[in-house]
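What follows is one structure encoded as structure tokens, with my remarks underneath.
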Amino acid sequence: MSVDLLQAERPLFSYPSFKSRNEKAAPFLPMSRQEMKKLGWDSCDIILVVGDAYVDHPSFGMAVIGRTLEAQGYRVGIIAQPDWQSKEAFMTLGKPNLFFGVSAGNMDSMINRYTAERRMRHDDAYTANNEGGKRPDRAVLVYTQRCKEAYKSVPVVIGGIEASLRRIAHYDYWSDKVRRSVILDAKADILLYGNAERPLLEVAHRLSQGEPISSMTEIRGTAILTKAALPGWDGVDSRKVDQLGKIDPIINPYADINVACATQKLADESLNDPTQVITIQPAEFKPSKKKPWEKTYIQLPSYEKVCQDKVHYAHASRIMHQETNPGCARALAQFHGERLVWLNPPAYPLTTEEIDSVFGLPYQRIPHPSYGDAKIPAYDMIRFSINIMRGCFGGCTFCSITEHEGRVIQSRSEDSIIKEIEIIRDTVPGFTGVISDLGGPTANMYRLKCKSPKAEQTCRRLSCVYPDICHHLNTDHEHTINLYRRARKLTGIKKILIASGVRYDIAVEDPRYVKELVEHHVGGYLKIAPEHTEKGPLDKMMKPTMSSYEAFKQMFEKYSKAAGKKQYLIPYFISAHPGTTDQDMINLALWLKSNNFKLDQVQNFYPSPLANATTMYHTEKNPLHKVSKDSEEVISPKGGRQRKLHKAILRYHVPENWPLIRETLKKLGLARKLIGKSPQHLVPPESRNELQGIAQQGKFVSKNKPVQSAVTRFTGSAQFKKAAPNTKQEKSAAGKKIGSNKPVPLEKAENKIASKPKNKQFNFAGQKKK
């Protein structure tokens, strides 16, 4: 039986209940004084300030945090989406006895507010009635400052994904510059990164015991401000560790057998000897050897240095990503002027028993009653879905899950998941018998982990599956298959769907899983994410080649046919990702056309803070390898025109995109090969009567159906549809004239297309992603 080396010294819920309280859980965490009065409270111990509407559901971070604190005896109130223009809204529940907890919500407030092209959205899926503008830009910063204005002496603890992704100096896409750690700008007392139940309960307990928050300097999963390195810690310059860590040799489980066999003869002889000599020796004291990562910190280049030098920024990013394994991560230190941002190693992941306890808390699973009949789109999408695990070891460079949740998979037990299905069936309004998802960040990493605890503890690989699947990784999907089968047998359950993205390179390692999935859990369409077809961008994404996709596709079609079902794969792609050339996009478009795919909606790469791909975008260096001035350069599509071009190429079938695509094909010398009317051509030849538009108030108007705005790759599967051969309408002009009978010059028409404003509607489905 393996020993888990990634286990905390203290269980999650082992702290004594605050003030020995044994109060009944509140129906909802109170959002008003009236609710507090009904509960018999004169004050709150902890007040959570959050940028989302309050939905008491385990898919909403602040509900999880609130219920976790409540389970330890704390009286917790919530101020959801307060008016940030003054401090009054932050005084609604009075002064908290212990601290304010601040989070922007389930989404980063900037990603929530702006599109990938930095255009403002006018909706918000995490707000009642999908109303935009209910949270400020950089919400963690603004909320913290208002809490300080309201009650200056009360500590402020910041956390959630926005704080996690800004824990050190980071490139900010919206201002196009490197910004300081958010703990400095917000003037918070402590920052918690990751899911943070473990560090949060330690902070709450120590504050409740009267300990000042300034003394909490070595809690795992936290960042603090200090003037110098913590006493007793040894420092290492980051330039000395810019290489992958060494994995200690795995202990041979059969090593002792040979020893026993070698001494068996002596043992037999000793049994026949009547004289036994017993020698008593004092036990030799051997001090435990210090692990090389214990009480050690890495000094990163300063904020000022990474601002001025992109090579140093890429180097710092590379070091940070190597120090994410809780088993062997070292602390990180980065000066910002005279202040030192000290980043403690990540918190240990939750055990199965602990995560079961968190998901088993008394959530109401509906929005707070104050919202009445208002619809909250993010809740509507997940109310019948179940999160079965946390974490992702895929390591995709464009994704922020690793930076937030880590690579270690934290899985719930079957019993816990089955119990939640039964609760949904019996209590959630509107349930029709269909579970919309059993998943998480990825559909099929449930209970997959490293076979060797020793390797798991010391590994510094950025991905367990790239460039190849690690031989230490267990890819047996038996636990997932058993879970699916048990869930299907429940009374009142008609269908269990899998909506989370399937990691197909792992799935093909266990055909039994693919068969089970295809036969019982696909509702006609299954989404997977190859992201691209070309090696250049795939390598920068740390994604498998298309051979894995083709292998999965063959299995999918084979088992669908055997089951007598017509089912389709829905592939997702990203345009304008670092490392992508115009030629790469043309090749992807040709693949789409040869496979009869037309993409209705496309997502350009969105540089989120701390992601490896964002480092590539900003520095044009590759942090996946050792970084220097002479190291690999990474081309990054930048500027409105090139990013529009890459998106346009993916939607090769839309007439408005043809002029821009033709121009690119001509520059690449591919006009004769790819412009024409035959099936092998990408776009038809230009026509004098092709485009029609009118310049009215800066808008381009077309008689054709307008192109839909880009949405994230995490929205519904209706983004794709099978393409029929080009129709006469598609081959004909999108329009014929502008205003008069004179044809429009091609260059002017293209300019009008390039300046066309985007549809600002946006639908974001939350954090479940591949």
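The values are calculated or read from the model by the stated rules, or taken from the named source; none is laboratory data. Every value quoted in this text rests on a predicted model; they were computed, and no experiment measured them. Neighbour counts run over all protein chains shown; Cβ positions are idealised from the backbone, glycine included.
Of the residues screened, S463 is not one that is out of contact with any Lys or Arg (no Cβ under 6 Å at 6 or more places or on another chain) and within 21 Å of I382 (Cβ to Cβ). Which of the residues belonging to the range 82-106 are aromatic (F, W, Y) and closer than 21 Å to G133 by Cα? If the condition is that a residue be aromatic (F, W, Y) and closer than 21 Å to G133 by Cα, then W84, F90 are the ones that fit. Within the range 556-585, the set of residues being hydrophobic (A, V, I, L, M, F, W, C) and either over 21 Å from A116 (Cα atoms) or part of a loop (DSSP other than H, G, I, E, B) (or both) comprises F556, A562, A563, L569, I570, A576. For first residues located in the range 5-18 and polar (S, T, N, Q), partners that are surrounded by 15 or more Cβ atoms within 10 Å (Cβ to Cβ) and assigned to a loop (DSSP other than H, G, I, E, B) and lie 6+ apart or on another chain with Cβ distances below 8 Å form the pairs Q7/Y348; Q7/T351; S17/Q72; S17/G73.
The single residue among L361, L350 that is in contact (Cβ under 8 Å) with a residue 24 or more places away in the chain and over 20 Å from the mean Cα position of the chain (by Cα) turns out to be L361. Counting only helices (runs of 4 or more DSSP H) that fall entirely inside the range 301-362 and contain at least 2 residues that are surrounded by fewer than 22 Cβ atoms within 10 Å (Cβ to Cβ) and acidic (D, E), the qualifying elements are 352-359.
A quick yes/no check of all residues on (1) surrounded by fewer than 24 Cβ atoms within 10 Å (Cβ to Cβ); (2) modelled with pLDDT under 95; (3) over 30 Å from M120 (Cα atoms):
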{"site": "N22", "(1), (2), (3)": "yes, yes, yes"}
{"site": "L39", "(1), (2), (3)": "yes, no, yes"}
{"site": "D52", "(1), (2), (3)": "no, no, no"}
{"site": "S59", "(1), (2), (3)": "yes, no, no"}
{"site": "A63", "(1), (2), (3)": "no, no, no"}
{"site": "T68", "(1), (2), (3)": "yes, no, yes"}
{"site": "Q72", "(1), (2), (3)": "yes, no, yes"}
{"site": "K95", "(1), (2), (3)": "yes, no, yes"}
{"site": "G105", "(1), (2), (3)": "no, no, no"}
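Taking the criterion of being in a loop (DSSP other than H, G, I, E, B) and either over 13 Å from I481 (Cα atoms) or among the polar types (S, T, N, Q) (or both), the residues of the range 501-532 that qualify are G501, V502, R503, V508, E509, V522, G523, G524, H532. Scanning the range 563-582 for residues that are in contact with a Gly (Cβ under 9 Å, 6 or more places away or on another chain) and under 18 Å from K647 (Cα atoms) turns up Y572, G579, T580, T581. Residues in the range 502-554 that are touching a residue at least 60 places away in the same chain (Cβ under 8 Å) and among the hydroxyl-bearing types (S, T, Y) were compared, and the one that is surrounded by the fewest Cβ atoms within 10 Å (Cβ to Cβ) is Y525. Six or more apart or on different chains, Cβ under 6 Å: which pairs go from a residue in the range 615-630 that's closer than 20 Å to E403 by Cα to one that's part of a loop (DSSP other than H, G, I, E, B) and among the charged types (D, E, K, R)? Could you list them? Sorted first by the residue in the range 615-630, then by its partner, the pairs are N622/E632; K626/D242. Taking (1) more than 25 Å from the chain's Cα centre (by Cα); (2) without any contact (Cβ under 8 Å) to a residue 24 or more places away in the chain in turn, D380 satisfies each apart from (1). For the range 555-568, the criterion of being surrounded by 20 or more Cβ atoms within 10 Å (Cβ to Cβ) and under 20 Å from D539 (Cα atoms) is met by no residue. Scanning the range 631-650 for residues that are touching a residue at least 12 places away in the same chain (Cβ under 8 Å), of a type in the set (D, E, K, R) and touching a strand residue (DSSP E or B) at 6+ places or on another chain (Cβ under 8 Å) gives E633, R643, K647.
Annotation note: of L569, L592, L624, the sole residue that is more than 26 Å from the chain's Cα centre (by Cα) and under 24 Å from Y549 (Cα atoms) is L592. Taking the range 619-647, which residues are surrounded by fewer than 22 Cβ atoms within 10 Å (Cβ to Cβ) and under 16 Å from R239 (Cβ atoms)? Selection gives H625, K626, S628, K629, D630, S631. Against the conditions (1) more than 28 Å from A378 (Cα to Cα); (2) among the aromatic types (F, W, Y); (3) under 32 Å from the mean Cα position of the chain (by Cα), W41 satisfies every one except (3). Suppose we keep only residues that are under 27 Å from A204 (Cα atoms) and of a type in the set (G, A, S) within the range 174-190. Which one would you say is nearest to the chain's Cα centre (by Cα)? The residue in question is S181. Selection of the range 505-535 for residues being within 23 Å of L473 (Cα to Cα), of a type outside the set (A, V, I, L, M, F, W, C) and out of contact with any Pro (no Cβ under 8 Å at 6 or more places or on another chain) yields E509, D510, P511, R512, Y513, K515, E516.
Residues in the range 182-193 that are within 14 Å of T217 (Cα to Cα) and either surrounded by fewer than 24 Cβ atoms within 10 Å (Cβ to Cβ) or free of Cβ contacts under 8 Å to residues at least 12 places away in the same chain (or both): 2 in all.
This table checks each residue for (1) buried (at least 19 other Cβ atoms within 10 Å of the Cβ); (2) of a type outside the set (D, E); (3) closer than 19 Å to C399 by Cα.
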| site | (1), (2), (3) |
| --- | --- |
| I158 | yes, yes, no |
| R166 | yes, yes, yes |
| W174 | no, yes, yes |
| N195 | yes, yes, yes |
| V203 | yes, yes, no |
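Taking the criterion of being buried (at least 21 other Cβ atoms within 10 Å of the Cβ) and among the aromatic types (F, W, Y), the only residue of the range 419-449 that qualifies is Y446. Just give me the residues in the range 1-20 being within 27 Å of R206 (Cβ to Cβ), among the polar types (S, T, N, Q) and either in a loop (DSSP other than H, G, I, E, B) or at pLDDT 95 or above (or both), in sequence order. Across the range 1-20, the qualifying residues are Q7, S14, S17.
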